[in-house]
Amino acid sequence: MKRIVIFDLDGTLLNTIDDLAAATNHALACCGHPAHPVSAYPYFVGNGIDKLFERALPPEVRNSTEIARMRTFFVPYYNTHCDVYTRPYDGIVELLQRLQTAGIAVAVASNKYHEATCHLIKEYFPDIAFAAICGQREGIPKKPDPAIVNAILTDVAISPTDAIYVGDSGVDMLTARNAGVESVGVTWGFRQVDELQQAGAIHIACNTADLWYCITGDGK
């Protein structure tokens, strides 16, 4: 049984894609660029908002100036509209409660900017005592760099062998590998199973019962 479970946020704990799409399309419109259908966004997200903007922008304007301009429209809009459509995935609240009852620590390591990460966790999981909530911050490399996971494990004084990382993308699986922790790829998120497997997922979970077993070894 693991002592701590570190979760990705978008596509793992919360289905945020509709709100991310709406905020990005708002920023695109404000900058005079065409919008994208929601179905395009699962392949735009996962590497932080600057990479999201780069992927969403027309190729001829994918530059640092336009990315910074997008941020000025996206952040205030998303800060006030990040919970319009966002919801926890089925069984996630119950899983977190069960882990907490079992004395297994839970934490979040996300490439979403830190302010929004903290806001969403506190809104949707108010009864869960997270050991750490870490979004993307200035000066800390984004996943798949292991810095964010390493910092969490150092703060809670738990070794990588006693930790497991859960996410929905290849970026997450590479993060786990780079941090030397076991990984679980979940199939209910934004990416396909092939991507998870190619990135080295140790386990694949199709539902929260599978995930509980991966964490605890308990099939009940």
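Of the residues that sit in region 116-147 and are part of a loop (DSSP other than H, G, I, E, B) and of a type in the set (V, I, T), which one is nearest to I49 (Cα to Cα)? Before the answer, list the steps.
Filtering region 116-147 for residues part of a loop (DSSP other than H, G, I, E, B) gives 125-131, 137-146.
Imposing the further condition that a residue be of a type in the set (V, I, T) reduces the set to 128, 140.
Working: I128: 26, I140: 14 Å.
Checking each candidate, the answer is I140.
Which residues, taken from region 1-37, are of a type in the set (A, V, I, L, M) and under 10 Å from T86 (Cα atoms)?
Let us first name the residues in region 1-37 that are of a type in the set (A, V, I, L, M), namely 1, 4-6, 9, 13-14, 17, 20-23, 27-29, 35.
The answer is L14, I17, L20.
Of the residues that make up region 125-135, is at least one buried (at least 18 other Cβ atoms within 10 Å of the Cβ), over 26 Å from D210 (Cα atoms) and not small (G, A, S)? No, there is no match, as no residue in region 125-135 is buried (at least 18 other Cβ atoms within 10 Å of the Cβ), over 26 Å from D210 (Cα atoms) and not small (G, A, S).
Of all residues in region 63-103, how many are among the aliphatic types (A, V, I, L, M) and crowded, with 18+ Cβ neighbours inside 10 Å?
Residues of region 63-103 that are among the aliphatic types (A, V, I, L, M), as a first pass: 67-68, 70, 75, 84, 92-93, 95-96, 99, 102.
Still in the list and also crowded, with 18+ Cβ neighbours inside 10 Å: 67, 70, 92, 95-96, 99.
The number of residues fulfilling the criteria is 6.
Output the residues belonging to region 109-133 that are closer than 14 Å to T12 by Cα and in contact with a Gly (Cβ under 8 Å, 6 or more places away or on another chain).
Looking only at region 109-133, we keep the residues that are closer than 14 Å to T12 by Cα, and these are 109-112, 117, 120-121, 124-125.
Passing the criteria: S110, N111, K112, T117.
Quick check on region 148-173: of everything there that is in contact with a helix residue (DSSP H, G or I) (Cβ under 9 Å, 6 or more places away or on another chain) and assigned to a loop (DSSP other than H, G, I, E, B), which residue is farthest from P88 (Cα to Cα)? The selected residue is S159.
Kindly establish whether R69 is without any contact (Cβ under 8 Å) to a residue 60 or more places away in the chain, of a type outside the set (D, E) and more than 30 Å from S159 (Cβ to Cβ). Show your work before the answer.
Numbers: without any contact (Cβ under 8 Å) to a residue 60 or more places away in the chain: yes; of a type outside the set (D, E): yes; more than 30 Å from S159 (Cβ to Cβ): yes.
So R69 passes the test.
Among residues of region 151-164 that are on the phi > 0 side of the Ramachandran plot, none has a Cβ under 9 angstrom from a residue that is modelled with pLDDT under 95 and not small (G, A, S) at a sequence gap of 6+ or on a separate chain. Picking from residues in region 174-217 that are free of Cβ contacts under 8 Å to residues at least 40 places away in the same chain and in a loop (DSSP other than H, G, I, E, B), the one that is nearest to P160 (Cα to Cα) is G180.
The values are calculated or read from the model by the stated rules, or taken from the named source; none is laboratory data. Model, not experiment: these values are computed from the prediction. Neighbour counts run over all protein chains shown; Cβ positions are idealised from the backbone, glycine included.
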